[in-house]
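Below: one structure, written as structure tokens.
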Amino acid sequence: MTTNLIPDDRRSLTIRLSVLQYLVAGAFALLAVGFWVFQIAQHEKFREMAENNQQRRLPLPAPRGVLLDRNGKVLVENQATRNIAIVREQTKNVGDVLRTLSAATGVPEAQLRDTLSRRRRDPSYRPIVLIENASFEQYVAVMARRLELPGIISEDVPSRRYPSSDMAAHLFGYVGEVTEPQLQRAEYEGVEPGSIVGQSGAEQAYNKQLMGVDGNRTVVVNSVGREIKELDKQPPTIGHPLQLTLDADLQKATEDAFTASGFNGASVVLDPRNGEVLAFTSRPAYDPNAFAAGIDRTTYGALLNDPLKPLTNRALQGRFSPGSTFKMAVGLAGLEEGVINPNFTVHCSGSATFYGRPFACWAKSKGGHGAVNLKTAIEQSCDVYFYTVGNMLGIDRINKWATLLGLGVKSNIDLPNELVGLVPSSQWKLETRKEKWYAGETISVSIGQGQVSVTPVSMAVYAATLANGGVRVTPHIIKAADDGTGLKPVPAPAPQSTIEVTPEKLEAIRQGMWGVVNGGGTGGRARIEGKDVCGKTGTAQVISNQNRLLAQARNKNLDFRDNGWFVFFAPRDNPRIAGVVFLEHGIHGPNAASLAKHILATFFAKEDGKPLPPPPTHEDLHLDYKDPYARGGSGLAGGGR
Amino acid sequence: MFERRLYFHVDWLLLGAVLLLSVVGVAMIYSTTYVATPAGGHPGTQPMTQLYALGIGLVALLVCLAVDYRMLAEHSLFVYGGLLLLLVFVLLKGQTQMGGQRWIPIGPFHLQPSEFARIAVALMLAMYFGENRRGAKNPGDLIIGGILTLVPLLLIAKQPDLGTAITLMPVFVGVAFLAGLRLRLLAIIAIACLPLGFFGYKFALKDYQRQRIQTFLDPEQDPRGAGYQTIQARVTVGSGGLTGKGFRHGTQGQYKFLPVAHNDFIFSVLAEEQGFIGVLGALGLYLFVIVRSIEAARLAKDRLGSYLVGGIISGFAFQVIYNVTMSAGLAPVKGITLPLMSYGGSSLIASLAGFGLILNVRMRRFTN
């Protein structure tokens, strides 16, 4: 051995080196065990975690089904919009990112924060849309600051495009993010939170068909969320198209007429043979496009708080006194119950007294209508005649026939949130007011005032039932549906009821309605040469004359002008169109007839293959703005034309 | 200086294992730093840099092999002094990167003197204890040895680079242990360290340092912040499974879920891509290198050689064990590189130079 090491030293060194070797070997053995635990025993767990790290399933929202009109014209389609969203798990400091995003896009930070907090329970990998329908400028601003905005992504999503700003808005409805309560309901089973579903109108009623199946993309991303490659792609399936019964031209004519008139209101036009809805409008309307890519709070708030309530579907939810348009129901009841015959004559001197109280006819200032039979009573809308008939019938028989004609009951149209009107009965009063019906109350009801209230859609059914001879058709908006194998006709729903009506008796009513338009009656403005338009005007008070005085003294801005109605069908023989025009505060029923004229003219021009009439101007409608406030005088109850 | 017959005594097996580990390191660096893009991607610049360092490291190894270690030891004071000067220079003029002032730019390279501290300290301590008849039995010598270690340690810790600084401790403990440090003394030091550690934790450590230890103990309490690396290290290793995801198919390192993996977490990437089998292979190689080096210490002609090898290999073994433990998320994240494999020129060169010395001692076991 060497001189440098003495044997004792050498032995001790050898032992200590061995100790070192064993220590290291022991440590390595422990390490091997450690790696075994992670790599073999717990491999599955970590494999999954690694996959979650780098794989992302990105939803590919499905476009909704297209809506077609009855002739195949595309009414509602889809367009691509750009959303700006945040993926929180890629963002360490959400506050900073929101601040930067707000500065870049001009969207208030509080609003972004708000949007985010509403979805805070979503998993952190799921993108949360912060700015829907971002403008190109916003998109560019965000992309330019990508590095300062980790976790902010832009995604192209299909959104709804509706034909024009407010055409048939209430019929189409609008779409919006599915709500929490909706997710709890069975019909929304399988719908993911954040999905866009129909929230109103046809979009809501036929959401299931219209909603497609969302696809998804599985991509590999790196640690900052940048996409590396695509692993898998399930393309979205577009929702099934639906063909509506709506006629785009007739719809446009209806909208044009309302626009020219400047009045609000509603109109429903049906095919009286089967209940197909040919046109449907409610005014004022909203722009469903504003909802398509998510409505901002200001716009939505303005819609909600608008005193004219543009979100309310007046055609289904507005309940108004029908006024004189109710007279056909009373007349038919009288005939069918055998109380009168068509030749039953009443002398109108301008007013009549029932149960010790005078009731005026609207023609009181002209000295009354003189002797009137059923046909002339309808033509001239004589109040005294129907006071008399109504009084002879009593409330319950009026109720029976009005109900059979579709009033005071739901039409059961295939659109959501329909409200029901009211045709009173003695039983109704007993149940709701715990009071017996007084015969004197029947008098006002006889001319469509008092307790009676109707929705415009039920008035359209009423017109259709009178037109088709007593079949209370069910209005519906679907003509054909596609289950993936092409459009197939959807059979019309069964009528709600059919009355065994004596043709001659109904004919007497229809003759009266023909006379209203063609015989110098109150609806002459709806006359179309050779088309035998039948109709009936109605001018209904929204408040009694005394109360109107009082209320207007308190608030000058309140509108108490009368509502105008026109129910119609045409032609008289084999009617193919029936409907209603309702003008809210339209002052006179004949004003509504002016609008109906344009609708009918368009319908027949199209049927005859002639050029469609141009949209009417305000002057074309010859509206009568004279407020007949003084009508009836001295506070007498009464009805208009 | 380099006698021909010495060739026959070079430990080719050890040299081969060391070079193999270095090459595996370059390959793992290539895999981790590959820049993935949707179009395909391209290699990063790091593997080339590492290859240059490997070349320089081989030259350093040859130099350390060629010069008789005893001659080197005689000049150990100059080596040690030079190191201290460099460390002071770094503190005053060094380049700051990644939160530490550690580098001296030399042309295109950046020298990190702290990586060479282990060799210098091992040389100094081996010289001090080896030329000392009493060995480390005398507490006075132990204290002097301790001071010799502590001066560069504190200089490096000041950079701040606690990870590298700490690696000087096992060098000292290794040399002292071989030099006959009484086990009882070692036990006393260990017991004394406990309350010291406690008070140190309470009062000396900065908040972020305490935070690091806490997150290591419970990484889930801050999965996106400080606990992130620990969790991701485990995921990286665990997802590798038995056979691994394959070369360049690791997702954790390549997609940067494990930050700067080519540096401190290169072993995690190896575990991910080569699986448990690869881990066993790499651990086996490292164990072979260490055991074989300790063998060289046993064979050494003199105490100087034994202690020198012991000091160098203790530091090496500590680094490997700590880094691999940390790579599996089983130890707090510290800036302790995996010698031979981690990306970093100075580290690789210093490691190779160290093995040059170990081979040197073994090669010259029969010379006078």
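The values are calculated or read from the model by the stated rules, or taken from the named source; none is laboratory data. Remember, predicted model here, so these are calculated numbers, not experimental data. Cβ atoms come from the backbone with ideal geometry, glycine included; neighbour counts cover every protein chain shown.
Residue A:306 falls short on exactly one of the conditions (1) farther than 24 Å from residue A:158 by Cβ; (2) touching an Asp or Glu at 6+ places or on another chain (Cβ under 6 Å); (3) among the charged types (D, E, K, R), and that condition is (2).
Being out of contact with any helix residue (DSSP H, G or I) (no Cβ under 9 Å at 6 or more places or on another chain) and charged (D, E, K, R): is that true of residue A:232 here? Talk me through it step by step, then tell me what you get.
On the way: out of contact with any helix residue (DSSP H, G or I) (no Cβ under 9 Å at 6 or more places or on another chain): yes; charged (D, E, K, R): yes.
Here the answer is yes, as residue A:232 does meet what is asked.
Might you check whether a residue that is assigned to a helix (DSSP H, G or I), of a type outside the set (Gly, Ala, Ser), out of contact with any Leu (no Cβ under 6 Å at 6 or more places or on another chain) and more than 7 Å from chain B (Cβ to nearest Cβ) occurs anywhere in the stretch A:57-71? Talk me through it step by step, then tell me what you get.
Going residue by residue through the stretch A:57-71, those that are assigned to a helix (DSSP H, G or I) are none.
Looking through the stretch A:57-71, none of the residues is assigned to a helix (DSSP H, G or I), of a type outside the set (Gly, Ala, Ser), out of contact with any Leu (no Cβ under 6 Å at 6 or more places or on another chain) and more than 7 Å from chain B (Cβ to nearest Cβ).
Note on the stretch A:466-509: residues that are closer than 21 Å to residue A:71 by Cβ, modelled with pLDDT under 90 and crowded, with 20+ Cβ neighbours inside 10 Å amount to 0.
Evaluate the following for residue A:512: is it assigned to a loop (DSSP other than H, G, I, E, B) and either modelled with pLDDT of 90 or more or in contact with a helix residue (DSSP H, G or I) (Cβ under 9 Å, 6 or more places away or on another chain) (or both)? No: the conditions fail for residue A:512. Restricting attention to the stretch A:303-358, the residues that are under 26 Å from residue A:560 (Cα atoms) and in a loop (DSSP other than H, G, I, E, B) total 13.
With the condition kept exactly as written, say whether any residue in the stretch B:251-265 is over 23 Å from residue B:49 (Cα atoms), of a type outside the set (D, E, K, R), buried (at least 23 other Cβ atoms within 10 Å of the Cβ) and more than 10 Å from chain A (Cβ to nearest Cβ). No, every residue in the stretch B:251-265 fails to be over 23 Å from residue B:49 (Cα atoms), of a type outside the set (D, E, K, R), buried (at least 23 other Cβ atoms within 10 Å of the Cβ) and more than 10 Å from chain A (Cβ to nearest Cβ). Is there a residue being more than 23 Å from residue A:17 (Cα to Cα), modelled with pLDDT under 95 and assigned to a helix (DSSP H, G or I) anywhere in the stretch B:328-336? No: the stretch B:328-336 contains no residue that is more than 23 Å from residue A:17 (Cα to Cα), modelled with pLDDT under 95 and assigned to a helix (DSSP H, G or I). Condition check: surrounded by fewer than 15 Cβ atoms within 10 Å (Cβ to Cβ) and on the phi > 0 side of the Ramachandran plot. Does residue A:151 satisfy that? Here the answer is no, as residue A:151 does not meet what is asked.
Summed over the stretch B:310-325, the residues that are facing chain A (nearest Cβ under 9 Å) and in contact (Cβ under 8 Å) with a residue 40 or more places away in the chain give a count of 5. State all residues of the stretch B:274-304 that are more than 9 Å from chain A (Cβ to nearest Cβ) and surrounded by 21 or more Cβ atoms within 10 Å (Cβ to Cβ); if no residue qualifies, say none. Those that are more than 9 Å from chain A (Cβ to nearest Cβ) and surrounded by 21 or more Cβ atoms within 10 Å (Cβ to Cβ): B:274, B:278, B:282, B:289, B:293, B:296.
Can you confirm whether residue A:46 is modelled with pLDDT of 90 or more, crowded, with 20+ Cβ neighbours inside 10 Å, within 60 Å of the chain's Cα centre (by Cα) and facing chain B (nearest Cβ under 8 Å)?
On the way: modelled with pLDDT of 90 or more: no; crowded, with 20+ Cβ neighbours inside 10 Å: yes; within 60 Å of the chain's Cα centre (by Cα): yes; facing chain B (nearest Cβ under 8 Å): yes.
Spelling it out, it is not the case that residue A:46 is modelled with pLDDT of 90 or more, crowded, with 20+ Cβ neighbours inside 10 Å, within 60 Å of the chain's Cα centre (by Cα) and facing chain B (nearest Cβ under 8 Å).
Need a quick list: helices (runs of 4 or more DSSP H) entirely within the stretch A:366-408 having at least 3 residues that are over 30 Å from residue A:474 (Cβ atoms). Give the steps one after another, and end with the answer.
Values: elements: A:374-380, A:383-393, A:395-404.
Once the helices (runs of 4 or more DSSP H) in the stretch A:366-408 are filtered for at least 3 residues that are over 30 Å from residue A:474 (Cβ atoms), what remains is A:374-380, A:383-393.
Just to be sure, is residue A:243 touching a residue at least 40 places away in the same chain (Cβ under 8 Å), surrounded by 20 or more Cβ atoms within 10 Å (Cβ to Cβ), part of a strand (DSSP E or B) and out of contact with any Cys (no Cβ under 8 Å at 6 or more places or on another chain)? Show your work before the answer.
On the way: touching a residue at least 40 places away in the same chain (Cβ under 8 Å): yes; surrounded by 20 or more Cβ atoms within 10 Å (Cβ to Cβ): yes; part of a strand (DSSP E or B): yes; out of contact with any Cys (no Cβ under 8 Å at 6 or more places or on another chain): yes.
Answer is yes for this residue.
In summary, residue A:365 fulfils each of the numbered conditions (1) surrounded by fewer than 24 Cβ atoms within 10 Å (Cβ to Cβ); (2) in contact with a strand residue (DSSP E or B) (Cβ under 7 Å, 6 or more places away or on another chain) with the single exception of condition (2). Looking for something over 30 Å from residue A:291 (Cβ atoms), more than 9 Å from chain B (Cβ to nearest Cβ) and either touching a His at 6+ places or on another chain (Cβ under 8 Å) or of a type outside the set (Lys, Arg) (or both) - is there at least one such residue anywhere in the stretch A:79-94? Yes, the conditions are met somewhere in the stretch A:79-94. When each of A:291, A:344, A:359 is tested for being within 39 Å of the chain's Cα centre (by Cα), buried (at least 18 other Cβ atoms within 10 Å of the Cβ) and touching a residue at least 40 places away in the same chain (Cβ under 8 Å), the lone residue that passes is A:291.
Restricting attention to the stretch A:123-174, report how many residues are assigned to a loop (DSSP other than H, G, I, E, B), more than 21 Å from residue A:66 (Cα to Cα) and among the aliphatic types (A, V, I, L, M).
Step one: filter the stretch A:123-174 for residues assigned to a loop (DSSP other than H, G, I, E, B), giving A:123-127, A:132-135, A:145, A:149-151, A:162-168, A:173-174.
Pick out the ones that are also more than 21 Å from residue A:66 (Cα to Cα) and you get A:123-127, A:132, A:134-135, A:145, A:149-151.
Among the residues that remain, those that are also among the aliphatic types (A, V, I, L, M) are: A:134, A:149.
Of the residues in that region, 2 qualify.
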